[in-house]
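Data block below; observations after.
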C-alpha cells in the first residue's frame, strides 16, 4: 500500500471550512477531529457540520471520534457521509461489534489508541479493521509536539499488521511535520495526519505533496 496524507482541519479556518478543504485537493482523506469535551477536554464538530462538509468536499472524510459513548454515535458519522470512521478503543464498550457496524453501514472501520495504550493486546482485532491509528500526542488539541516514545509502538504495530497479512493501514496522528514524518514512515506508518504543518503553510496542497515525498523516501530507505 502506498503512502497516504490525511490533513486535519482542526487547524483550518472554521469559518471557511469548505474553502479550506478545497485548498488540499491532493490529500487522500480529510481528517475531521470530533471531540465532545468528555473523552477529551475540547469541543469541536458534530454530525450536522460533518454532513455539510461532506456535501461540498471532493476529498473523502475520515472522522476521528474522540468522544464518550462512541458505540452509540459512530454510525451517525457514516450516515453523515464519512468514508472512514475511527473510534478510540479506550471509549468503546464492544470494539469488535462497533467495527462491524461501521463496515456494515458502508464505511471503513478504524481503531485508535492513545500514546500509553499498548498495541499488542489488540492484535487479534486487526481482521475487523481497515486502519489502526496510533496517537503520537495526547488527543484533544492540535499543535502539540510529537512524542518520540511512540516510535517503538509504531514498529510493533507494523510487525503485527504484517503478520496479520490483511490490508490494514497504519496511521499516525499528532505532531506530524516535515521534521517528524520520516521517523514515522521508517518505523512503519503508511498514513499520516498533519494539521498545523499543512494549514500553517502558504500553500497547503504543496505541503501535502512535500509530506508525501518525505514519507515515501523514508519508507524506501527503511525497507
If 78, 96 are placed from fewest to most neighbouring beta carbons inside 10 Å, the sequence is 96, 78
1/(1 + (r/R0)^6) with r = Cβ-Cβ of residue 19 and residue 209, R0 = 25 Å, i.e. FRET efficiency to nearest 0.05, evaluates to 0.80
antiparallel share of DSSP beta bridges within region 4-222, to nearest 5, in %, is 5
Residue 148 and residue 123 label points (each 7 Å along its Cα→Cβ direction) are spaced in nm at 2.8
Placing each pseudo-label 7 Å from Cα in the direction of the beta carbon, residue 163 and residue 200 end up separated by a distance in nanometres of 3.8
Ordered by fewest other Cβ atoms within 10 Å, a rough proxy for footprinting exposure, 84, 177 read 177, 84
Put in order of increasing Cβ neighbours within 10 Å, starting from the fewest, 82, 184 give 184, 82
Note on the chain: contact order normalised by length, alpha-carbon pairs under 8 Å, 6 or more apart, percent, works out to 20
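Read-outs: derived from the displayed coordinates by stated rules, not from any lab. Source: prediction; values computed, not measured. Note: ideal-geometry Cβ built from the backbone for every residue, glycine included; neighbour counts use all protein chains shown.
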